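What follows is one structure encoded as structure tokens, with my remarks underneath.
The values are calculated or read from the model by the stated rules, or taken from the named source; none is laboratory data. What you are looking at is a predicted structure, and each value in this text was computed from that prediction instead of being measured. Virtual Cβ from ideal backbone geometry, glycine too; neighbours counted across all protein chains shown. All accessible areas refer to the heavy atoms of the entire protein, side chains included, with ligands and DNA or RNA removed. Shrake-Rupley method; radii C 1.70, N 1.55, O 1.52, S 1.80 Å.
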Amino acid sequence: GAIPEYRLPQEEIDKDMAVLDELGVEVRYNQTAGEDFSLEDLRRDGYGNIFVAVGAQLPKFLGVEGEDADVVLDALTFLRSVREHDPVAVGSRVGVIGAGDTAMDCARSAWRVGADEVSIIYRRTTDQMPADPEEVHGCIEEGITIVEMTTPKGLHVDDNLLQGLIATKTEYRGDRDASGRKIPHDVPDSDHEIPLDTLILAISQHSLLDFFGDQTPELTSRGYIAVDPETFESSVPGVYAGGDVAADGPSSI
């Protein structure tokens with residue numbers, strides 16, 4: 001629903017769907033889990049095993065004043081609009097906060113729907129980006145600017161229109177986090193404003209898991225469904241999970 005067509009053409013999805021159709025898989029459209037059916041309903045209908053693959057479809061936000069302005073977009077809303085050929089209008093200068101594949105998708109898509117200047121704003125250096133190197137290279141090739149060692153601090157919004165991103169420069173001081181990545185530290189007295197017309201937030205997603213009722217499975221510390229690494233079964237017997245909703249959360253397709 002949100003992966004750009006230049007990465008995943010519709011005809012490729014159609015091929016996968018055709019295989020499922022040939023195998024006799026039934027697809028029930030317009031069904032909301034927890035409203036139109038429950039886990040108990042599925043079990044009563046004879047489904048002994050249930051696999052949850054709802055992804056991570058809810059955006060995370062910066063938690064700063066002004067991010068509810070019309071021109072501050074979450075990544076998935078923007079990417080879905082582009083995929084549906086009805087893109088949310090972006091201004092001339094677009095900033096993207098994030099460093100994963102979703103951020104790269106947003107930057108390259110913003111350029112494709114008419115932005116004149118696109119910048120990816122990242123608190124570390126480019127070599128520390130978790131995005132696929134091919135995606136990062138694609139951004140650079142298309143003229144997208146990567147603003148390194150810069151972290152957002154606030155928004156300059158006037159009459160619901162974005163004027164710019166208030167940011168602070170960062171620096172490395174030799175320490176690393178538990179995963180071995182360099183830790184960026186704020187540089188004192190380095191606040192500055194990056195002029196922008198539109199800001200897209202691509203700072204990870206979390207999962208909507210309100211449909212389990214009284215049988216909510218055990219979650220990881222990050223809020224995703226904990227599963228057995230071999231069988232993918234959750235703490236609820238007969239309920240399995242995989243993809244972005246499980247274990248470590250969002251990853252590459």
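How many nm separate the modelled label positions at GLU26 and LEU58, each set 7 Å beyond the Cα in the direction of the Cβ?
3.1 nm
With a 10 Å cut-off between alpha carbons and a GNM built on the chain, which of ILE146, ILE13, ILE50 moves the most?
ILE13
Mean-square fluctuation check for the chain, GNM, Cα pairs under 10 Å: which of GLY100, GLY114, GLY174 is largest?
The residue with the greatest mean-square fluctuation here is GLY174.
Residues in the stretch 3-23, backbone N under 19 Å from the label point at HIS85 (7 Å along the Cα-to-beta-carbon vector): list them, ranges by number please.
Residues 3-15 fall inside that zone.
For the stretch 1-143, what mean projected area does the convex hull of the alpha carbons give, in nm²?
Details: hull surface 47.2 nm².
Across all orientations, the stretch 1-143 yields a mean hull projection of 11.8 nm².
On average, how much accessible surface per residue is there in the stretch 158-248, in Å², for a 1.4 Å probe, leaving out ligands, DNA and RNA?
Details: 4990 Å² over 91 residues.
Spelled out: the 1.4 Å probe surface of the stretch 158-248, per residue, equals 55 Å².
If I fit a long axis through the Cα atoms of helix 101-112 and take the longest principal axis of the Cα atoms of the chain, what angle between them do I get, 0 to 90°, rounded to 10?
Between the helix axis and the principal axis of the chain, the angle is about 60 degrees.
Can you give the longest stretch of the chain with no exposed loop site, where a site means GluC sites (Glu not before Pro) in a DSSP loop (not H, G, I, E or B) with at most 11 other C-beta atoms within 10 Å?
Numbers: sites that count: GLU26, GLU35, GLU65, GLU84, GLU218, GLU230.
After excluding every exposed loop site, the longest remaining stretch is 85-217.
Counting only heavy atoms of protein chains, what accessible area per residue, in Å², does the stretch 26-144 have with a probe of 1.4 Å? Provide the component values of the computation, followed by the final result.
Details: 6440 Å² over 119 residues.
Value returned for the stretch 26-144: 54 Å² of accessible area per residue.
Determine how large the accessible area of VAL27 is when every protein chain is in place; take a 1.4 Å probe and give Å² rounded to the nearest 10.
70 Å²
Starting from the Cα-Cα distance between LYS153 and GLU171, subtract it from 0.36 nm times their residue separation and give me the gain in nm to one decimal.
Numbers: separation 18, 0.36 × 18 = 6.48 nm, distance 1.53 nm.
Full-extension gain reported as 4.9 nm.
Does the stretch 95-207 classify as rounded, prolate or oblate by the C-alpha gyration tensor (a ≥ b ≥ c root eigenvalues; a/c under 1.5 gives rounded; else a/b over b/c gives prolate, otherwise oblate)? It would help to have the intermediate numbers written out before the result.
Numbers: a/c = 1.79, a/b = 1.13, b/c = 1.58.
Here the stretch 95-207 falls in the oblate category.
Quick one: pull the percent of accessible area on the chain belonging to carbon and sulfur, 1.4 Å probe, ligands and nucleic acids left out. Walk me through the intermediate numbers first.
Working: 6840 of 14240 Å².
Using a 1.4 Å probe with all protein chains present, the chain comes out at 48 percent carbon and sulfur.
Rounded to the nearest 0.05, what FRET efficiency is calculated for ILE140 and ARG222 with R0 set to 35 Å and r the Cβ-Cβ distance? Provide the component values of the computation, followed by the final result.
Numbers: r = 30 Å, r/R0 = 0.86.
It comes out at approximately 0.70.
Taking only the C-alpha atoms, wrap a convex hull around the stretch 56-110 and report its volume per residue in Å³ as a whole number.
Working: hull volume 5.3 nm³, N = 55.
Cα-based convex hull of the stretch 56-110, divided per residue, equals 96 Å³.
Which lysines have a Cα lying under 22 Å from the Cα of LYS182, excluding residues fewer than 8 positions away in the same chain?
Partners within reach: LYS153, LYS169.
Could you work out how far the C-alpha centroid of the stretch 7-38 sits from that of the stretch 88-128, in angstrom?
The two parts, judged by their Cα centres, are 30 Å apart.
Hand me the chymotrypsin sites (Phe, Trp or Tyr not before Pro) from the stretch 1-63 located in a DSSP loop with no more than 13 other Cβ atoms within 10 Å, in residue order please.
Numbers: sites: TYR6, TYR29, PHE37, TYR47, PHE51, PHE61; in loops: TYR6, TYR29, TYR47, PHE61.
The qualifying sites are TYR6, TYR29, TYR47, PHE61.
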